[in-house]
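Engineer: Input: one structure, supplied below.
The values are calculated or read from the model by the stated rules, or taken from the named source; none is laboratory data. Just so it is clear, the model here is predicted, and its values are computed rather than measured. Reconstructed Cβ throughout: ideal geometry from the backbone, glycine too, with neighbour counts over all protein chains shown.
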Ligand code: SF4
C-alpha cells in the first residue's frame, strides 16, 4: 500500500465512498471495508483497501474513532467490522 | 489484505471441498440457492462450482436488485428524467437497464440530465448545488441499500431541501423467498443467506424457512472460503437431519442486525401493499415506499409518473433465471442477441446478474458440459 496522501478536511472535495472495485458497482448486496482516517460527524473521511479516500455517513454506527474498521454500502456505514469478529 | 487474503487460501479451499464431498450422500442430488447476486458473482469469478461434487448444484436466486426491476419502472424513471429542469441521479448499473423504449443512458444521449452517483448522499450534494433544479434519486436495492436512502432523506428533511426527491424501488428480501418456497417450479434443499442484507436485518427473519419449510439457511460472506464453508455447514445440517439458521458471516453480521438502521428504515419507509418483481410477478408487502412523514420527498407524488406495466420482450427469460428454473445459458438469446454490451434482459446488466456473471467468467461452457446438453 502506498504512503498516505496528506489529509484533506474539506468535505466538499470528497465524493461518498462506495467505489466497489470487485463486483457490483454500488447497488447490489456488496459492501466495502474501510478504515476511518478522520472521525468527523455525520460524515467521516475513510480509506478503502485500495487506498481511495471518501466520505462515509456514520450515523448508523456512531461514535467512530480514527482507525475503526467499517463496512460501507452506498456511502453509508452499515456495520463495524472488528466488533463482531 | 485483511478480510480478503485469509478467505482465498487455496489449501483451505481444497480441504473444505474434500469435506463437502465426504458429506454428499451417494445417489442424492442437492440444490442450494444462493439468494444474493454478490454470491453469484463470487461463485463464477472464483469457480466455486469447480470445487463441488457434481451432485451439489448451486441455483441463483433473485437477490440482484437491478435484475428484479420490471420494465415499467424503468420507463417511469425515464419519464421523470426527461422532465424539464430535472437532474436525475441513479447508481451506475441502472443507467443501462432496458425499459420498454430504451434506457436511462439513451435518455441521457437524447439530452436528459442523467447522472450516476455512488451514494444517494452525492445526489443530495447535487441538489444543494443546484437550487433551481429538481434533483431526483432513483433508489433501488434491498435492506443493504435502503439505510443510505433513509439517511439521505432524513438529512434532506432536516435541511428543508425542497428540490430533492426519491423514486423509491427498495425491495425486501423475505417476501420473494416465501414466493420461491411456494413455487411449484422449484425444489430446493437449502439457502445460502445474503450476507450484507443480514448486516442490517440480522438472521432472525429467515427462521421461518427451517421452521415452516424444513430447509437450512446459512448466512454467508462473500469470499470464496466463506461460500465453501457455508456449503459445508449446509451439507452438515442436511446430513444430520437438522434445519436451522446459522451465521457463517459472524465477523460482520450480528444476529440481531443493526438496530439503529432498522429504526431509521421504520421512520422513513412503509411497506407497499404489493410490488411487481421481474419474473416473480406481484408480491405483496415486498417493497418500500416513503412514509407519510416523508411523502413530500416522494418523486411519484411530486411529479406525474406514467405507471404503465410493460411486458418483458418475448425472447427474455430473466424470470426463469431469477427463479433458478433455468441456467442463464439456457436462455435462447444468451451470448448472441443478449450480451453485457447489448442487454435484452436485466440479468445481463449488473455484474451481479447471473447472466452477466456466466458471460464474464466463461462458466457457461462447463455448466453445459455438466448437465450433458
Ligand atoms: S440471456 Fe438476457 S434475456 Fe436471457 S435471461 Fe439472461 S438477461 Fe434475460
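Engineer: Only one of (1) at pLDDT 95 or above; (2) crowded, with 22+ Cβ neighbours inside 10 Å; (3) more than 30 Å from residue B:307 (Cβ to Cβ) fails for residue B:210. Which number is that?
Structural biologist: (2)
Engineer: Could you count how many residues in segment B:297-335 are within 9 Å of the ligand (Cβ to nearest atom) and not in a helix (DSSP H, G or I)?
Structural biologist: Total meeting the criteria: 11.
Engineer: A further question follows. Do any strands (runs of 3 or more DSSP E) lying entirely in segment B:1-104 carry at least 3 residues that are under 16 Å from the mean Cα position of the chain (by Cα), and which ones are they?
Structural biologist: Ranges flagged: B:30-36, B:56-63.
Engineer: Which residues, taken from segment B:92-104, are more than 30 Å from residue B:231 (Cα to Cα) and out of contact with any helix residue (DSSP H, G or I) (no Cβ under 9 Å at 6 or more places or on another chain)?
Structural biologist: Of everything in segment B:92-104, just one residue is more than 30 Å from residue B:231 (Cα to Cα) and out of contact with any helix residue (DSSP H, G or I) (no Cβ under 9 Å at 6 or more places or on another chain), namely B:92.
Engineer: Among the listed residues B:49, B:34, identify the single one that is more than 14 Å from every other protein chain (Cβ to nearest Cβ) and either closer than 30 Å to residue B:166 by Cβ or touching a helix residue (DSSP H, G or I) at 6+ places or on another chain (Cβ under 8 Å) (or both).
Structural biologist: Checking each option against the conditions leaves just B:49.
Engineer: Residues to consider are B:51, B:60; find the one that is surrounded by 21 or more Cβ atoms within 10 Å (Cβ to Cβ) and either touching a residue at least 60 places away in the same chain (Cβ under 8 Å) or within 23 Å of residue B:198 (Cα to Cα) (or both).
Structural biologist: Going through B:51, B:60 in turn, the sole match is B:60.
Engineer: Another question about this same structure. Spot the failing condition for residue B:66; the list is (1) touching a strand residue (DSSP E or B) at 6+ places or on another chain (Cβ under 6 Å); (2) within 30 Å of residue B:227 (Cα to Cα); (3) at the interface with another protein chain (Cβ under 10 Å from one of its Cβ atoms), and only one is missed.
Structural biologist: All conditions are met except number (1).
Engineer: Can we say residue B:340 is surrounded by fewer than 17 Cβ atoms within 10 Å (Cβ to Cβ), within 14 Å of chain A (Cβ to nearest Cβ) and under 21 Å from the mean Cα position of the chain (by Cα)?
Structural biologist: Judged against the criteria, residue B:340 is a match.
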